[in-house]
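J.: Dropping a structure here in structure tokens format, bear with me for questions.
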Amino acid sequence: MKKFTQMSLKKGLLFFLMLGMAFLSEDAFAQKKKKKETTNQPAPAAQAAPPAPRPGAARNGIKPYEEVITAKAKSKDGLFKVHEIEGKYYYEIPDSLMGREMLIVTTIAKTADGIGYGGERTNTLLVRWDKNGDNVLLKVVSYSNTAADSLPIFTAVRSSNLEPILQKFDIKAKSKDGNGAVIEVTDLFSKDVQALGLPRNRRTEFKVSRLDNERSYIERISPYPMNIEARYVMTYVAAEPPSNGSTGLITVEMNSSMVLLPKEPMMQRLADSRVGWFTRSVIDYGLDEQKATQRTYLNRWRLEVKEEDYEKFRNGELVEPKKPIVFYIDPATPEKWRPYLKQGVEDWNAAFEEAGFKNAILAKDPPSKEEDPDWSPEDARYSVIRYFASDIQNAYGPHVSDPRSGEIIESDIGWYHNVMNLLRNWFFIQTAAVNPEARGVKFREEVMGRLIRFVSAHEVGHTLGLPHNFASSHAYPVDSLRSATFTREFGTAPSIMDYARFNYIAQPGDKDVSLMPNVGPYDKYSIMWGYRPILDAKTPEEEQPVLNNWILAKQDDPVYRFGRQGNPYDPSSQSEDLGDDAMKASDYGIKNLKVILPNLMAWTAEEDKPYKDYSDLNEMYGQVIGQFNRYMGHVRTNVGGVYEMYKSAGQGDPVYLHVDKATQRRAVQFLNKELFATPSWLMDEDILSRIGDFGHLERIRNVQVTTLNGILEWGRLGRVIENEVLNGRNAYSMSELFDDLRAGIWSELSTGRKIDVHRRSLQRAHIERLELLLTGNEPVVPVQFRTRVGPQINASQSDIRPMARAELKTLQRQVTAALPNASDRMSKAHLEDVLERIKKILEPK
């Protein structure tokens with residue numbers, strides 16, 4: 001009986017289960033195919049109706065406000081209301097800000113050793129919050145392709161710019177007033193959203209595999225009236241972390257600043273390559289051109305004339321702008337350095353006066369906690385010189401600008417404490433020969449303050465929109481920089497935006513010579529050109545004739561020339577140089593180094609610290625070598641050099657001119673005399689015996705070989721060849737270059753003199769470089785960098801390889817002839833080795 005009952009129960013359960021599956025199948029099918037006729041099956045049993053929603057409740061997962069933003073919420077007002085509830089973060093976005101464009105600027109706030117530096121920007125995104133049903137979408141907006149929305153082509157441009165969705169958020173609740181949406185943003189900053197985290201190049205470099213969610217978290221999210229600052233810690237699993245390698249982890253603290261952009265963009269000012277400026281570019285399909293045309297415009301602050309001052313401005317009177325540029329000094333800044341940082345900011349008022357404004361840029365101390373308890377350097381309403389307690393020897397001047405117009409919204413200059421060491425080293429090595437104030441490892445407060453002011457002004461220039469102008473320092477004649485009258489009026493360079501540093505040309509006995517640049521004539525001109533309002537112009541195009549005339553008024557004066565950074569072939573646009581003649585300037589510089597070196601031990605000692613070691617001596621000796629190397633680089637750039645001088649088509653002048661033959665040959669002769677003939681004066685035994693047990697020969701060898709390889713470099717030789725094609729016998733040919741180098745590097749072959757250890761290394765390096773030219777190829781530059789380095793030469797089809805082979809054969813003959821006359825055993829062994837090396841190159845097995 002029991003057995004029968006269990007079997008019956010199992011069969012019954014099976015029957016009802018199959019019946020249920022039949023109903024499920026029918027229902028599922030009905031979802032796919034609409035019934036065309038009524039079935040005869042009985043209607044399913046009626047199901048209970050869902051409960052009616054409570055008053056105020058919504059369907060589709062949107063809950064009442066009080067159920068989401070509970071009494072536990074810690075809420076702050078700002079651009080959006082931000083709520084934090086037990087570690088989860090919510091944005092309450094008003095409808096009025098849906099569709100408004102904002103910038104998200106992501107930086108590394110804190111980092112481990114080897115991963116950039118605090119304050120380094122990693123990404124900038126133009127974004128927009130859009131509602132889509134019960135969701136809010138965070139979209140990435142691009143203005144790289146554009147057209148006026150009134151033109152028919154606008155539809156095509158819009159269709160080709162589908163905006164990627166950075167993140168989709170469920171609407172958790174409507175705002176309390178019903179005019180907004182509440183979303184949870186915790187995952188945006190605690191999960192791996194690549195655009196807001198460690199950049200891709202660093203992930204590749206350190207072989208990052210994933211984000212460790214358990215060790216990543218939000219530190220805080222702080223709203224302000226026009227921005228929201230999110231600070232979050234990200235921990236990545238990495239196979240090759242740059243520090244703390246045994247952990248297999250990288251931890252960085254990131255900061256994402258979301259800044260509201262103006263509803264009405266500022267009118268653009270179109271760029272011109274003849275005046276240096278930080279710019280933005282778009283492809284504008286709306287222009288009346290028969291091609292897709294790039295439109296480039298300046299990044300600049302919105303400085304406007306008050307309407308009631310229009311007549312004063314037109315009459316040439318200085319007026320105050322509607323809203324000045326204001327920089328605050330970080331409260332963390334040591335008190336004694338604050339006045340100098342402020343002076344560096346306000347030095348630019350002289351330039352803005354050329355643009356028609358007075359009091360255009362101001363520096364202020366931040367309000368105290370009592371005056372304004374809510375003031376924060378992270379608030380995007382405030383531009384701040386941030387002071388970092390760091391051993392990084394640097395300062396930087398970025399800015400955040402509106403991609404639509406180029407309007408600079410705010411800027412936070414980064415100032416690292418240890419930039420003072422960098423300034424100390426530069427000022428010591430470049431001026432101590434003529435300047436008693438620089439003869440020590442710790443300067444007087446007023447001296448260091450003046451150096452801080454100099455760097456402050458340079459970094460502020462960047463925040464105003466000005467890039468480095470490396471042509472500026474070439475504008476002044478070398479001997480003018482020895483003149484007190486000249487330098488006190490004009491400084492040491494026309495622009496503080498050059499890397500002109502300090503006056504290494506002035507010689508002992510040159511009294512009262514200025515030692516550094518100020519905000520100079522080029523700076524005043526460029527600020528005028530970029531900021532002076534053209535009141536009658538209603539469009540950027542209407543401004544262009546006026547802007548062009550301002551340039552033409554200065555076209556023949558080298559003081560007002562702009563030269564870009566990063567051109568390794570233009571000797572008139574170099575970093576760290578002074579004067580219009582590198583050979584003459586470097587000769588003065590070397591004379592000063594020869595004054596400094598014998599005094600280095602005395603000038604790095606401190607009477608009140610007899611117990612100190614020789615670390616300062618070691619550092620400053622390295623600075624001597626580094627400065628000498630810079631001089632060699634300045635001279636080398638003349639060889640195969642090409643001047644780049646921006647012109648408009650209307651001017652009718654050439655842009656590129658090869659350095660003349662006499663100057664190139666003089667450069668090689670200078671290097672033969674000052675570098676390739678061993679600079680034994682650098683081998684000061686008293687110094688070397690106190691700073692290290694090995695490596696002193698390598699320092700000299702490295703300078704020699706680096707310079708030689710820089711001359712016999714593919715791109716430089718390609719320009720030498722092209723110069724000969726274009727200018728014939730007036731050009732410095734490759735054969736003449738090779739002959740002159742050989743005469744300098746191998747001069748012992750004709751005299752039988754002893755070949756010292758430095759020369760032996762140099763001669764081997766020459767052989768190795770010729771081998772590379774004969775058998776190697778120019779390294780392939782990635783596509784994204786080719787516009788920076790220019791075209792590449794096809795080595796295998798150029799004259800470089802035949803010339804290298806001929807040079808090796810010439811050396812083979814000359815060494816063979818010189819070998820019997822070798823004056824010592826080591827020279828003979830060296831020459832025998834040279835012959836074997838050449839033979840292996842010319843006759844490989």
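J.: Pairs please, first residue from the stretch 764-777 and within 13 Å of Thr810 (Cβ to Cβ), second anywhere and not β-branched (Val, Ile, Thr), Cβ atoms under 6 Å, 6+ apart in sequence or on different chains.
T.: Going by the 6 Å Cβ cut-off, the qualifying pairs are Ile767/Arg837; Leu770/Ala804; Leu770/Glu807; Leu770/Leu808.
J.: Ok, one more. Take the stretch 695-712 and flag every residue that is outside any helix (DSSP H, G or I) and modelled with pLDDT under 95.
T.: Within the stretch 695-712, the first condition is being outside any helix (DSSP H, G or I), and the residues that meet it are 695, 712.
Once the filter is applied, which keeps residues that are outside any helix (DSSP H, G or I) and modelled with pLDDT under 95, the stretch 695-712 yields only Gly695.
J.: Would you mind telling me which numbered condition in (1) closer than 25 Å to Leu682 by Cα; (2) surrounded by 16 or more Cβ atoms within 10 Å (Cβ to Cβ); (3) among the charged types (D, E, K, R); (4) within 37 Å of the chain's Cα centre (by Cα) Arg716 fails?
T.: Among (1) closer than 25 Å to Leu682 by Cα; (2) surrounded by 16 or more Cβ atoms within 10 Å (Cβ to Cβ); (3) among the charged types (D, E, K, R); (4) within 37 Å of the chain's Cα centre (by Cα), Arg716 violates only (1).
J.: Looking only at the stretch 491-538, how many residues end up being in a helix (DSSP H, G or I) and out of contact with any strand residue (DSSP E or B) (no Cβ under 8 Å at 6 or more places or on another chain)? Working first, answer last.
T.: Let us first name the residues in the stretch 491-538 that are in a helix (DSSP H, G or I), namely 521-531.
Next cut, out of contact with any strand residue (DSSP E or B) (no Cβ under 8 Å at 6 or more places or on another chain) only: 521-529.
Adding up the residues that qualify gives 9.
J.: Let me ask something additional. Restricted to the stretch 562-604, and to residues that are in a helix (DSSP H, G or I) and under 31 Å from the mean Cα position of the chain (by Cα), which residue is surrounded by the most Cβ atoms within 10 Å (Cβ to Cβ)?
T.: Restricting attention to the stretch 562-604, the residues satisfying the condition of being in a helix (DSSP H, G or I) are 582-604.
Applying the additional criterion that residues be under 31 Å from the mean Cα position of the chain (by Cα) yields 582-583, 585-586, 589.
Working: Ala582: 29, Met583: 19, Ala585: 23, Ser586: 27, Gly589: 24.
Among those residues, the one meeting the criterion is Ala582.
J.: Something else now. Test each condition in (1) surrounded by fewer than 21 Cβ atoms within 10 Å (Cβ to Cβ); (2) assigned to a loop (DSSP other than H, G, I, E, B); (3) polar (S, T, N, Q) for Asn425 and report the one that comes out false.
T.: It fails just one condition, (2).
Quick grid of which residues meet (1) surrounded by 18 or more Cβ atoms within 10 Å (Cβ to Cβ); (2) modelled with pLDDT of 95 or more:
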| residue | (1), (2) |
| --- | --- |
| Asn727 | no, yes |
| Ala731 | yes, yes |
| Thr751 | no, no |
| Arg805 | no, yes |
| Lys809 | no, yes |
| Gln812 | no, yes |
| Val815 | yes, yes |
| Glu832 | no, yes |
| Lys845 | no, no |
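Quick grid of which residues meet (1) out of contact with any Lys or Arg (no Cβ under 9 Å at 6 or more places or on another chain); (2) assigned to a helix (DSSP H, G or I); (3) of a type in the set (A, V, I, L, M, F, W, C):
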residue	(1), (2), (3)
Glu446	yes, yes, no
Gly449	no, yes, no
Ser456	no, yes, no
Gly461	yes, yes, no
Leu466	yes, no, yes
Phe470	no, no, yes
Phe486	yes, yes, yes
Glu489	yes, yes, no
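J.: Just to check your reading of the model, which residue among Asp412, Asp391, Asp402 is at pLDDT below 95, of a type outside the set (A, V, I, L, M, F, W, C), crowded, with 23+ Cβ neighbours inside 10 Å and over 30 Å from Pro558 (Cβ atoms)? Reasoning before the result, please.
T.: Values: Asp391 fails: crowded, with 23+ Cβ neighbours inside 10 Å; Asp402 fails: crowded, with 23+ Cβ neighbours inside 10 Å.
Matching residue, one of Asp412, Asp391, Asp402: Asp412.
Results for (1) within 24 Å of Pro568 (Cβ to Cβ); (2) not polar (S, T, N, Q), shown as yes or no for each residue.
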{"residue": "Arg729", "(1), (2)": "no, yes"}
{"residue": "Leu737", "(1), (2)": "yes, yes"}
{"residue": "Gly744", "(1), (2)": "yes, yes"}
{"residue": "Ser747", "(1), (2)": "no, no"}
{"residue": "Arg764", "(1), (2)": "no, yes"}
{"residue": "Leu774", "(1), (2)": "yes, yes"}
{"residue": "Ala804", "(1), (2)": "yes, yes"}
{"residue": "Leu819", "(1), (2)": "no, yes"}
{"residue": "Leu842", "(1), (2)": "no, yes"}
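J.: Separate question: Any residue at all in the stretch 550-561 that is closer than 23 Å to His634 by Cα, part of a loop (DSSP other than H, G, I, E, B) and aromatic (Phe, Trp, Tyr)?
T.: Our first condition is that a residue be closer than 23 Å to His634 by Cα; within the stretch 550-561, this holds for 557-561.
Next, from what is left, pick out any that are part of a loop (DSSP other than H, G, I, E, B): 557, 561.
If we keep only those that are aromatic (Phe, Trp, Tyr) too, we end up with none.
No, the stretch 550-561 has no match at all.
J.: Would you mind finding the one in Lys312, Lys342 that is among the charged types (D, E, K, R), in a helix (DSSP H, G or I) and within 15 Å of Arg453 (Cβ to Cβ)?
T.: Details: Lys312 fails: within 15 Å of Arg453 (Cβ to Cβ).
Residue meeting the stated conditions: Lys342.
J.: Which condition breaks for Leu835 when tested against (1) in a helix (DSSP H, G or I); (2) touching a residue at least 40 places away in the same chain (Cβ under 8 Å); (3) not charged (D, E, K, R)?
T.: Looking at each condition in turn, Leu835 falls short on (2).
J.: What do you reckon, is Ser798 in contact with a helix residue (DSSP H, G or I) (Cβ under 8 Å, 6 or more places away or on another chain) and either surrounded by 14 or more Cβ atoms within 10 Å (Cβ to Cβ) or touching a residue at least 12 places away in the same chain (Cβ under 8 Å) (or both)? Talk me through it step by step, then tell me what you get.
T.: Numbers: in contact with a helix residue (DSSP H, G or I) (Cβ under 8 Å, 6 or more places away or on another chain): yes; either surrounded by 14 or more Cβ atoms within 10 Å (Cβ to Cβ) or touching a residue at least 12 places away in the same chain (Cβ under 8 Å) (or both): yes.
The answer is yes for Ser798.
J.: Among the candidates Leu675, Leu657, which residue alone is outside any helix (DSSP H, G or I) and either within 24 Å of Arg801 (Cβ to Cβ) or modelled with pLDDT of 95 or more (or both)? Don't jump to the end; show me each part of the working.
T.: Details: Leu675 fails: outside any helix (DSSP H, G or I).
So the residue among Leu675, Leu657 that is outside any helix (DSSP H, G or I) and either within 24 Å of Arg801 (Cβ to Cβ) or modelled with pLDDT of 95 or more (or both) is Leu657.
J.: Somewhere in the stretch 496-505, is a residue crowded, with 24+ Cβ neighbours inside 10 Å, over 27 Å from Ile413 (Cβ atoms) and β-branched (Val, Ile, Thr)?
T.: Scanning the stretch 496-505 turns up at least one residue that is crowded, with 24+ Cβ neighbours inside 10 Å, over 27 Å from Ile413 (Cβ atoms) and β-branched (Val, Ile, Thr).
J.: Taking the condition of being in a helix (DSSP H, G or I) and either modelled with pLDDT under 90 or surrounded by 14 or more Cβ atoms within 10 Å (Cβ to Cβ) (or both), how many residues in the stretch 96-153 meet it? Don't jump to the end; show me each part of the working.
T.: Initial filter on the stretch 96-153 (in a helix (DSSP H, G or I)): 96-97, 153.
Adding the requirement that they be either modelled with pLDDT under 90 or surrounded by 14 or more Cβ atoms within 10 Å (Cβ to Cβ) (or both) leaves 97, 153.
Matching residues across the stretch 96-153 total 2.
J.: Within the stretch 339-350, does at least one residue satisfy the condition of being in contact with a strand residue (DSSP E or B) (Cβ under 7 Å, 6 or more places away or on another chain) and farther than 25 Å from His417 by Cβ? Walk me through it before giving the result.
T.: Let us first name the residues in the stretch 339-350 that are in contact with a strand residue (DSSP E or B) (Cβ under 7 Å, 6 or more places away or on another chain), namely 341-342, 345-346, 348-349.
The next check asks that each one be farther than 25 Å from His417 by Cβ; those that pass are 349.
Taking every residue of the stretch 339-350 in turn, at least one turns out to be in contact with a strand residue (DSSP E or B) (Cβ under 7 Å, 6 or more places away or on another chain) and farther than 25 Å from His417 by Cβ.
J.: Answer yes if at least one residue in the stretch 488-496 is without any contact (Cβ under 8 Å) to a residue 60 or more places away in the chain and charged (D, E, K, R), and no otherwise.
T.: yes
The values are calculated or read from the model by the stated rules, or taken from the named source; none is laboratory data. In this text, all values refer to a predicted model and were calculated from it rather than measured experimentally. For neighbour counting, all protein chains shown are included, and Cβ atoms are generated from backbone atoms with ideal geometry for every residue, glycine included.
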